[in-house]
Amino acid sequence: MASGFGFNGGVPRCFAYWQEFQKCYAQTDVPAKCRPPLDDYVECLHHTNEIARAKAIKAEFVRKAEHQATEGRKAADIIADGAIVGVGLIKREEGEAK
């Protein structure tokens, strides 16, 4: 990583974050002040916060689907609404139940 070259020869995707952290670390007397740039760099490498957020969204979606299933909705209706992220291309008509 420190070389500045990525796997395919170009600049790696997280190199800008690494440079920000390195610049902060070189200029400070208290390394604890460089925690935010370090956190950004580690997030870029491992995507831990992004993965946790996606898991939380999926868990909420599953919880909602199970709740709707216990209220008597048909499985096909739940699956029809089932995109976790809707783009709004298919709109329900006014008279249809949700």
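Readers should treat all values here as calculations from the given coordinates under stated rules, not as data from a laboratory. Quantities reported herein were computed from a predicted structural model and do not represent experimental measurements. As a convention, Cβ positions derive from the backbone with ideal geometry for all residues, glycine included, and neighbour counts pool all protein chains shown.
The table below lists the values:
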| read-out | value |
| --- | --- |
| Sum of side-chain charges, residue 53 neighbourhood, beta-carbon under 13 Å (Lys, Arg +1; Asp, Glu -1) | -1 |
| Spacing of the two label points (7 Å from each Cα toward its C-beta) at residue 55 and residue 40, in nm | 2.6 |
| Cα gyration tensor shape of the stretch 1-73, rounded if a/c is under 1.5, else prolate or oblate by comparing a/b with b/c | oblate |
| The stretch 1-71: chymotrypsin sites (Phe, Trp or Tyr not before Pro) falling in loop per DSSP and having at most 12 other Cβ within 10 Å | 5, 7 |
